[in-house]
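The values are calculated or read from the model by the stated rules, or taken from the named source; none is laboratory data. Model, not experiment: these values are computed from the prediction. Cβ sites come from the backbone with ideal geometry, for glycine too, and all protein chains shown count toward neighbours.
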């Protein structure tokens, strides 16, 4: 599964507002429904070869009626359409307000781009939450609602398999990359647990293992580790960074007492 950033070809016709007030549209097209908008009056700023996806100075998408008809299955529940007039041209087009605004950025995997004064200015690497963008075929995110429109594989494939011209798709995220990263971490984790098991010493039952814990040592069994903190028995679970997440062991003792343990070095809490 991939997410693509949608942009216009550099050979597309370019449009601007007749009054050069394109910036006023940017504030209105914020991902919310627009209740009152004066019909956009546009002009051809630069002639081009392709007309299905004209470039508009504000960055707001404009599609030909042909493109809207071919892509309507993706657009009808996610887009608000506005008729436009183009001065001195017969150009059947509509301006699109993408109302599918999704808070879908995975900040644990993304790398933001910050200016010198720490102001956010985009992403060096952008990652999405798979559960949020699955089945979302055209959307915006709050972080860049004025500029960027994102689409799915299905949207892109439909365009590429049609006769539509002037659409450019830049891959910004691939779920398989995230899946492979997760798989690599899982393999690393299994290796750490395997190394612990291979290097373990004499195995002890619960009663004998607890004697070492009470004398100040730690005991370990695969990904689990036990040691005392003052008068409290603490249970550690091995993390990917080779450290441990600690919790009180009291409720787990009936289960833990069935394992075989070996003596290990104490860890810092």
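Data for the structure
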{"item": "Some residue of the range 165-172 being assigned by TED's automatic domain parsing to the domain that holds residue 104, out of contact with any strand residue (DSSP E or B) (no Cβ under 7 Å at 6 or more places or on another chain) and within 30 Å of residue 29 (Cβ to Cβ)", "result": "no"}
{"item": "Members of the range 226-243 that are in a strand (DSSP E or B) and either farther than 21 Å from residue 215 by Cα or in contact with a helix residue (DSSP H, G or I) (Cβ under 8 Å, 6 or more places away or on another chain) (or both)", "result": "226, 227, 228, 233, 235, 237, 238"}
{"item": "Residue count, the range 127-161 (criterion: touching a residue at least 12 places away in the same chain (Cβ under 8 Å), more than 23 Å from residue 97 (Cα to Cα) and outside any helix (DSSP H, G or I))", "result": "2"}
{"item": "Test set (1) touching a residue at least 24 places away in the same chain (Cβ under 8 Å); (2) surrounded by fewer than 16 Cβ atoms within 10 Å (Cβ to Cβ); (3) within 40 Å of the chain's Cα centre (by Cα) - residue 224 fails condition number", "result": "(2)"}
{"item": "Positions within the range 70-108 being closer than 23 Å to residue 48 by Cα, within 27 Å of the chain's Cα centre (by Cα) and not in a strand (DSSP E or B), in sequence order", "result": "71"}
{"item": "Counted residues, the range 52-69 - those being touching a helix residue (DSSP H, G or I) at 6+ places or on another chain (Cβ under 7 Å) and assigned to a helix (DSSP H, G or I)", "result": "1"}
{"item": "Residue match in the range 25-40 (condition: closer than 20 Å to residue 147 by Cα and in a strand (DSSP E or B))", "result": "no"}
{"item": "Residue satisfying condition, being modelled with pLDDT of 90 or more and on the phi > 0 side of the Ramachandran plot, within set 87, 135, 76", "result": "135"}
